[in-house]
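The values are calculated or read from the model by the stated rules, or taken from the named source; none is laboratory data. Since the model is a prediction, treat every value here as computed from it, not as a measurement. Because the Cβ atoms are built from the backbone with ideal geometry, glycine has one as well, and the counts that use them run over all protein chains shown. Note: accessible area is taken over every heavy atom of the protein model, side chains too, but ligands, DNA and RNA are not part of it. Shrake-Rupley method; radii C 1.70, N 1.55, O 1.52, S 1.80 Å.
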Amino acid sequence: MSDCIFCKIANGEIPTNMVYEDEQMAIFHDVNPQAPVHVLMVPKKHIASLTEAEDEGLLGHMLGKVKDLVPLLGLENGYRVVINCGEDGEQSVPHLHMHVLGRRKLTWPPG
Ligand code: AMP
């Protein structure tokens, strides 16, 4: 989608601090990190939210990549994967993304 910030980042139109990239997705550092490690996993094709995601292969590919982030980002002590969805979920960017947060003790429940 032409005016979507995450489309532009994932497809290289806007430079970012990229952690990983393949033909289906990009992983980059969140601009406003909520933990010492806070990256975003973003599909290259525009999908507005998890509710609109119909490609289960893509979702599996994205989640399956998390295990590779563990040694890469030093998450051996644990981490959290978060998908905010819609208004009640406080999703602020309308392009599906998975937050991966770690390297601090994360509290529960979320706010
Ligand atoms: P959410 O509230 O779940 O939609 O998360 C959106 C996330 O995107 C927030 O954590 C923002 O800090 C992050 N964000 C917004 N713009 C950028 C950007 N240009 N580069 C990296 N992260 C961004």
* **Test set (1) assigned to a strand (DSSP E or B); (2) without any contact (Cβ under 8 Å) to a residue 60 or more places away in the chain; (3) surrounded by 15 or more Cβ atoms within 10 Å (Cβ to Cβ) - V81 fails condition number** => (3)
* To do: Any residue in the stretch 85-108 that's touching a residue at least 60 places away in the same chain (Cβ under 8 Å) and in a loop (DSSP other than H, G, I, E, B): show its pairings with residues that are within 8 Å of the ligand (Cβ to nearest atom) and among the hydrophobic types (A, V, I, L, M, F, W, C) at Cβ separation under 6 Å, as long as the two are six or more apart or on different chains.
  => V93/F6; H95/F6; H97/L40
* Hey, does the stretch 30-43 have a residue that's outside any loop (DSSP other than H, G, I, E, B), surrounded by fewer than 16 Cβ atoms within 10 Å (Cβ to Cβ) and away from the ligand (no atom under 11 Å from the Cβ)? -> no
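Hey, does the stretch 60-68 have a residue that's more than 12 Å from the ligand (Cβ to nearest atom), basic (K, R) and open to solvent by 60 Å² or more (accessible area, probe 1.4 Å)?
Among the residues of the stretch 60-68, at least one is more than 12 Å from the ligand (Cβ to nearest atom), basic (K, R) and open to solvent by 60 Å² or more (accessible area, probe 1.4 Å), which makes the answer yes.
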* Total residues in the stretch 60-78, condition charged (D, E, K, R) and in a loop (DSSP other than H, G, I, E, B) -> 2
* **Pair list, Cβ < 8 Å and 6+ apart or interchain, from the stretch 26-53 residues that are touching a residue at least 60 places away in the same chain (Cβ under 8 Å) and more than 11 Å from I83 (Cβ to Cβ) to residues that are surrounded by 17 or more Cβ atoms within 10 Å (Cβ to Cβ) and of a type in the set (F, W, Y)** => V37/Y79; V39/F28
* Structure fact -> Scanning the stretch 80-108 for residues that are within 18 Å of V42 (Cα to Cα), more than 11 Å from the ligand (Cβ to nearest atom) and either touching a Ser or Thr at 6+ places or on another chain (Cβ under 8 Å) or among the β-branched types (V, I, T) (or both) gives V81, V100
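When you look at N11, is it open to solvent by 80 Å² or more (accessible area, probe 1.4 Å) and at pLDDT 95 or above, yes or no?
Details: open to solvent by 80 Å² or more (accessible area, probe 1.4 Å): yes; at pLDDT 95 or above: no.
In short, no.
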* Does S2 fit the bill of being among the polar types (S, T, N, Q) and open to solvent by less than 50 Å² (accessible area, probe 1.4 Å)? -> no
